[in-house]
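Colleague: Sharing a structure, written as structure tokens. Questions coming.
The values are calculated or read from the model by the stated rules, or taken from the named source; none is laboratory data. Since we're looking at a predicted model, the values are computed, not measured. Quick reminder, even Gly has a Cβ in these numbers, built from the backbone with ideal geometry, and neighbours come from all protein chains shown. Note: areas computed on protein heavy atoms with side chains; ligands, DNA, RNA excluded. Shrake-Rupley method; radii C 1.70, N 1.55, O 1.52, S 1.80 Å.
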Amino acid sequence: MADAPPLVSLTDVRKTYRKGDTEIHAVDGVSLGIKAGESLAIVGRSGSGKSTLMSLIGCIDVPTSGHVSFGNRRVESMSDRERSRLRNQSIGFVFQSFHLIPELTVERNVETPLLYSDTPESAWSERVHKALDAVGLEARKTHFPSELSGGEAQRVAIARALVCDPEMVLADEPTGNLDSITEREIADLLFSLPRSGRALVLITHDMSLALRANRRIELRDG
């Protein structure tokens, strides 16, 4: 891993927003590389720019200046459609609030990213089964989100993030809504992902979670 080129590279990245006559420098000159098979924790106080940096690493947004590369592709040169395709194929997202669709079963929730992928429909069932098996929830596939515990709901969210076999998983406060025992279980699951060659990026306030990562970056004022 030490000699491998970064999966994601940020070079002097800045993101500026305008609020009235005031410029807000949400991210102000960040450079970093994230390699396959490593875990990175990004920590900092509320308002430090963590969420904006997550959007840039996750190719949701593009920088005001500087460069973001995923593999050998410049993200800021892509169209919205190309960035959407990249996110679907290469990046799995896990959020604090799970974002499960209440009307869909666990199986159908996990399946949703495949609807926008190039994966043949004939392979969907196997992909969903593999993802649910990886998080230990195959037996709950016909249940609805309202029938799950918080830990189970987050496991479903992780399975959904894995179903397209992404190169990177980006988790934003993934244990923030969980009790301490469930938090450790979800953390163990997340930190098992780099062993399969995926990059894991965590945005977190929780230093006990951050200390488990290979690297930690503290963001202050962007």
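Colleague: Roughly how many Å² is the accessible area per residue of the chain, as a whole number, for a 1.4 Å probe?
Modeller: 50 Å²
Colleague: Moving to a separate point now. Which shape class, rounded, prolate or oblate, goes with region 159-220 when its Cα gyration tensor gives a ≥ b ≥ c as root eigenvalues, a/c under 1.5 marks rounded, and past that a/b bigger than b/c marks prolate?
Modeller: oblate
Colleague: For Lys130, go through the lysines and keep the ones whose alpha-carbon is under 28 Å away, minus same-chain ones fewer than eight residues off.
Modeller: Lys35, Lys141
Colleague: Tell me, what HN-Hα J-couplings in whole Hz come from the Karplus equation 6.51 cos²θ - 1.76 cosθ + 1.60 at θ = phi - 60° for each residue of region 44-49, using x for Gly and Pro?
Modeller: Once θ is set to phi - 60°, the couplings for region 44-49 become x, 5, 4, x, 7, x Hz.
Colleague: While we're on this one: Once you order the gyration tensor axes a ≥ b ≥ c over the Cα atoms, which shape class does region 105-170 get: rounded for a/c under 1.5, otherwise prolate or oblate by comparing a/b with b/c?
Modeller: Details: a/c = 1.91, a/b = 1.44, b/c = 1.33.
Prolate, because a/c is 1.5 or more and a/b exceeds b/c.
Colleague: Taking only C-alpha pairs under 8 Å that are 6+ residues apart, what is the relative contact order of the chain in percent?
Modeller: Working: 428 pairs, mean separation 69.0, N = 222.
Relative contact order for the chain comes out at 31 percent.
Colleague: Would you please give the FRET efficiency between His67 and Arg18, computed as 1/(1 + (r/R0)^6) with r the Cβ-Cβ distance and R0 = 22 Å, to the nearest 0.05?
Modeller: 0.50
Colleague: Against the longest principal axis of the chain, how steep is helix 180-191, in degrees 0 to 90 to the nearest 10, with axes from Cα atoms?
Modeller: 70 degrees
Colleague: To continue, here is another question. Given Cα pairs under 8 Å that are at least 6 residues apart, what percent is the relative contact order of region 49-106?
Modeller: Normalised by residue count, the contact order of region 49-106 is 25 percent.
Colleague: Here's something else I'd like to know. Mind pulling the angle between the C-alpha long axis of helix 124-134 and the longest principal axis of the chain? Nearest 10 degrees, somewhere in 0 to 90.
Modeller: Tilt of helix 124-134: around 80 degrees.
Colleague: How big is the Kirkwood radius of region 1-107, worked out from every pair of different alpha carbons and given in Å to one decimal?
Modeller: Details: mean 1/r = 0.0648 Å⁻¹.
Here the Kirkwood hydrodynamic radius works out to 15.4 Å.
Colleague: Figure the gain on full extension for Tyr116 and Ser146 (residue separation times 0.36 nm, minus the Cα-Cα span) and round it to one decimal in nm.
Modeller: That works out to 8.3 nm of additional length.
Colleague: I've got another one for you. Would you calculate a helix-derived [θ] at 222 nm for the chain, using -39,500 (n - 2.57) for each DSSP H run of n ≥ 4 and dividing by the full residue count, to the nearest 500?
Modeller: Calculated mean residue ellipticity at 222 nm is -8500 deg cm²/dmol.
Colleague: Considering just Cα atoms, how many Å³ per residue does the convex hull of region 56-105 enclose? Don't skip to the end; give the middle numbers.
Modeller: Working: hull volume 5.5 nm³, N = 50.
Expressed per residue, the convex hull around the Cα atoms of region 56-105 is 111 Å³.
Colleague: Additional query: Quick one: Cα centre-to-centre distance for region 141-196 and region 112-138, in angstrom?
Modeller: Their Cα centres are 15 Å away from one another.
Colleague: Work out how far the C-alpha atoms of region 34-74 reach from end to end along every principal axis, then list the three figures in whole Å, largest first.
Modeller: Dimensions of region 34-74 along the principal axes of its Cα atoms: 32, 28, 15 Å.
Colleague: Using only alpha-carbon positions, what ratio does the radius of gyration of region 105-222 give when scaled by 2.2 N^0.38 Å?
Modeller: So region 105-222 has a normalised radius of gyration of 1.10.
Colleague: Right, next: So what are the ³J(HN,Hα) numbers for region 206-220, from phi and the Karplus equation (6.51, -1.76, 1.60; θ = phi - 60°), rounded to whole Hz, Gly and Pro as x?
Modeller: Along region 206-220, the couplings run 8, 5, 5, 6, 4, 5, 7, 6, 4, 9, 10, 10, 9, 9, 10 Hz.
Colleague: In whole percent, and with a 1.4 Å probe on the protein chains, what portion of the accessible area of region 86-222 is carbon and sulfur?
Modeller: Looking at region 86-222 in its full context, I get 47 percent from C and S.
Colleague: For helix 80-90, report the angle its Cα long axis makes with the longest principal axis of the Cα atoms of the chain; keep it between 0 and 90° and round to the nearest 10°.
Modeller: Relative to the chain, helix 80-90 is tipped by roughly 50 degrees.
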